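Input: a single structure, listed below in structure tokens.
Here, each number is a calculation from the coordinates, and none is a lab measurement. The model shown is predicted, which means the values in this text are computed figures rather than measured ones. Here the Cβ is made from the backbone with ideal geometry for all residues, glycine too, and neighbour counts use every protein chain on show.
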Amino acid sequence: MPLRAVVRRSSYRDSMVLMRVAEAVRVLPGVREAAVLMGTPANHELLASAGLATTETKDAAPGDLMIAVLADTESAAEAGLAEAERVLAERRASVEPAGRSLPRTLDGALRQMPDANLAAISVPGEYAAFEAQRALRRGLHVFLFSDNVTLEDEIALKRLAVERGLLCMGPDCGTAYIGGVGLGFANVVPRGRVGCVAASGTGLQAVVARLAALGEGVSHAIGVGGRDLSAEVGGAMTVPALEALAADATTEIIVVIGKPAAPEIVPRLETAIARIAKPVVVCCLGATPAGSAAGRWVSTLEDAAELALATLRGQTWSPRMFTDPADVRARLPRARGPRGTILGLYTGGTLAHEAGLVLAPLVGADAYRLVDLGGDEFTRGRPHPMIDPSARAAHVRQAGESGDVGVLLVDLVLGRAVHPDPATPLAEAIYDARRAAAARGRELGVVASVVGTDGDPQDLRRQTATLQAAGVEVLPSNAQAARFAALLIRPDLDRSLLGS
Amino acid sequence: MTALTGVLGQPPRVVNLGLEVFAVEMESAGATVVHVDWRPPAGGPAVAALLARLDD
């Protein structure tokens with residue numbers, strides 16, 4: 001079977017572009033397999049294990065681009081290589097201004113746009129701190145999407161940012177909204193009165209998407225990175241971000257979102273909140289206030305959005321287990337059947353963490369397991385699972401063959417820069433997992449929540465319908481999905497969760 | 001604090017280093033964007049760290 005490969009010397013392209021190019025080649029008639037990879041040692045191993053290494057690719061350097069196509073015929077292989085070149089050029093044209101070549105460095109970019117005020121950095125983690133430091137030294141605010149940045153580098157970058165009066169959003173900052181523009185994985189939401197400070201990208205997405213569903217928008221959302229409220233980083237960016245939103249005329253209420261703040265940081269957070277004249281809602285999942293009356297603390301992302309909106313509208317509010325308990329009661333009889341444990345396969349780390357906080361008191365630690373496929377250990381050298389759904393799809397299929405999993409609990413996150421149709425590969429994997437489970441005489445239930453808005457490019461309704469067509473129980477929020485999953489394996493919880 | 005509130009006041013002017021899709025999406029959301037044809041420095045992360053120490 002013909003195998004053709006070419007190497008483009010000194011031609012770096014990001015992992016997401018390469019993934020999309022490979023996808024475009026694989027669907028061509030006669031193409032059996034295609035790889036489009038940079039020549040790193042790990043990628044050489046990948047290429048060899050896929051049987052796609054050739055004499056052309058063997059000396060490709062990390063800065064060289066390798067394209068390999070295995071096809072039924074020589075002409076199909078040639079067509080595959082040509083398609084790869086075409087898509088690479090098309091992608092480049094989308095970011096290259098007509099008649100001007102792209103700058104190679106930050107300084108080159110600043111010569112083209114001397115009044116730039118923000119650097120968005122999503123280069124591989126081992127290079128990210130260097131680029132962020134350079135940007136801060138040039139007086140730019142930084143949105144640092146990259147993960148795999150060391151804690152020491154994060155502390156140094158944030159110290160530099162504070163010295164210069166700049167924002168260092170991240171590392172590992174998935175989402176922000178600055179001046180009406182979404183950065184990173186951003187749902188399409190209206191401008192509004194709610195300002196957010198977020199140590200969690202997917203947590204922020206869940207809050208702003210829920211706000212949008214309720215008819216409210218976002219003034220600004222300042223991401224700070226998942227470790228900002230750790231003891232080591234000490235809220236270095238959270239405090240200035242709070243102060244910035246406190247001074248911002250368009251922000252009427254502030255929501256703080258994150259995983260639990262380190263206990264020694266909570267008083268610092270409360271002191272900063274107490275200085276703010278605007279109402280503040282705090283959702284640091286799993287953390288409780290140290291004692292002062294600063295801010296109103298809630299325990300789920302959904303509650304944060306709903307309390308913020310109720311406060312703006314001058315309404316009283318109390319948390320609910322389910323938006324529509326009658327609907328849940330109606331769905332339970334046909335959804336019940338699976339026996340076994342709950343396996344959460346998440347693309348959003350904060351959503352996984354929130355699910356754990358909901359499930360632990362309901363079913364106990366032995367009855368569930370949660371995997372964050374966006375964690376550092378899964379994203380080294382490959383795209384985030386919100387961009388590349390294949391890693392989670394593989395875990396879903398494995399769950400069908402596992403003897404003890406009764407219910408799968410998943411998130412589906414939409415928004416700009418996210419995969420164009422994440423529901424379809426997830427639904428296909430769910431079909432396969434269900435079939436594998438049925439062959440073993442088992443039933444596999446699947447419960448999901450979708451983080452998205454009507455404005456998102458993926459079409460929220462179509463994504464939801466795709467999951468429902470695959471037999472997935474879709475709930476209005478992640479916390480509700482976790483509760484529903486608990487109800488499936490523990491009918492004795494009906495009374496406490498549904499009041500019946 | 002002036003710089004912080006200043007950046008919030010209007011759509012940002014962004015230099016994008018890394019994922020091309022972010023440049024496309026930020027521009028369509030209203031930002032002015034210059035995308036950098038970024039590539040890892042020859043010599044890898046160790047050289048990048050050395051350059052960082054030399055950079056002022």
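With Cα atoms defining each centre, region A:131-201 and chain B are spaced 11 Å apart in the structure.
The Cα-based radius of gyration and maximum Cα-Cα distance (Dmax) for the protein assembly as shown are 23.7, 73 Å. Backbone amide hydrogens, once placed in the peptide plane, bring A:Val256 within less than 5 Å of A:Val197, A:Val281, A:Val282, A:Cys283, excluding anything fewer than 5 places away on its chain. The calculated FRET efficiency for A:Arg86 paired with B:Ala46, based on their beta-carbon distance and R0 = 30 Å, is about 0.25.
Looking at the P(r) of region B:2-54, how many percent of alpha-carbon pairs lie beyond 18 Å?
Details: 721 of 1378 pairs.
Above the 18 Å cut-off, region B:2-54 has 52 percent of its Cα pairs.
A dipole drawn for the protein assembly as shown from +1 and -1 charges on Cβ atoms has a positive end, and of A:Gly499, A:Ala287, A:Phe130 the residue lying farthest that way is A:Gly499. Evaluating kT/(6 pi eta Rh) at 4 °C and 1.567 mPa s, with the Kirkwood radius of region A:325-498 over Cα pairs in the Stokes-Einstein relation, gives 81 µm² s⁻¹. The stretch between A:Leu214 and A:Arg462 holds 87.3 nm of extra length on full extension. This uses 0.36 nm per residue minus the Cα-Cα distance.
Where only DSSP H runs of four or more residues are counted, chain A gives -12500 deg cm²/dmol as its mean residue ellipticity at 222 nm, each run worth -39500 (n - 2.57).
For region A:58-74, 3J(HN,Hα) computed residue by residue from phi via the Karplus equation (6.51, -1.76, 1.60; θ = phi - 60°) reads 5, 9, 5, 8, x, x, 9, 9, 9, 10, 10, 10, 9, 9, 5, 9, 4 Hz, glycine and proline entered as x.
Once you have a ≥ b ≥ c as the square roots of the Cα gyration tensor eigenvalues for region A:139-245, tell me rounded if a/c is under 1.5, and otherwise prolate or oblate according to whether a/b is larger than b/c.
Prolate, because a/c is 1.5 or more and a/b exceeds b/c.
Using DSSP loop states and a limit of at most 13 other Cβ atoms within 10 Å to flag GluC sites (Glu not before Pro), what is the longest stretch of chain A containing no flagged site? Before the final figure, lay out each step's value.
Working: sites that count: A:Glu232, A:Glu264.
The segment A:265-500 is the longest one with no such site.
Derived scalar couplings between HN and Hα for region A:469-476 equal 5, 8, x, 7, 7, 9, 10, x Hz in order, rounded to whole Hz, by the Karplus curve 6.51 cos²θ - 1.76 cosθ + 1.60 (θ = phi - 60°), x for Gly and Pro.
Under a 5 Å amide H cut-off, with hydrogens placed 1.01 Å from N, A:Leu370 pairs with A:Gly344 among residues at least 5 apart or on other chains. Evaluating kT/(6 pi eta Rh) at 25 °C and 0.890 mPa s, with the Kirkwood radius of region A:61-197 over Cα pairs in the Stokes-Einstein relation, gives 138 µm² s⁻¹. The modelled label-to-label distance between A:Asp327 and A:Arg369, using points 7 Å beyond Cα along the C-beta direction, is 3.2 nm.
A Cβ-based charge dipole, computed about the Cα centre of region A:156-285 with Lys and Arg at +1 and Asp and Glu at -1, lands at about 100 debye. The label-point distance for A:Glu45 and A:Ser10, in a model that sets each label 7 Å from Cα toward Cβ, rounds to 2.9 nm. Measuring spread by the Cα atoms of region A:1-143 yields a radius of gyration and Dmax of 17.7, 55 Å. Here the label points at A:Met113 and A:Glu377, each 7 Å from Cα along the C-beta direction, are separated by 3.8 nm in the simple model. Computed about the Cα centre, the dipole magnitude for chain A is approximately 640 debye when only Lys and Arg (+1) and Asp and Glu (-1) carry charge, each at its Cβ. Remark: region A:388-397, residue by residue, has Karplus-estimated 3J(HN,Hα) of 10, x, 5, 5, 5, 4, 5, 5, 4, 4 Hz, where x stands for each Gly or Pro and the curve is 6.51 cos²θ - 1.76 cosθ + 1.60 at θ = phi - 60°.
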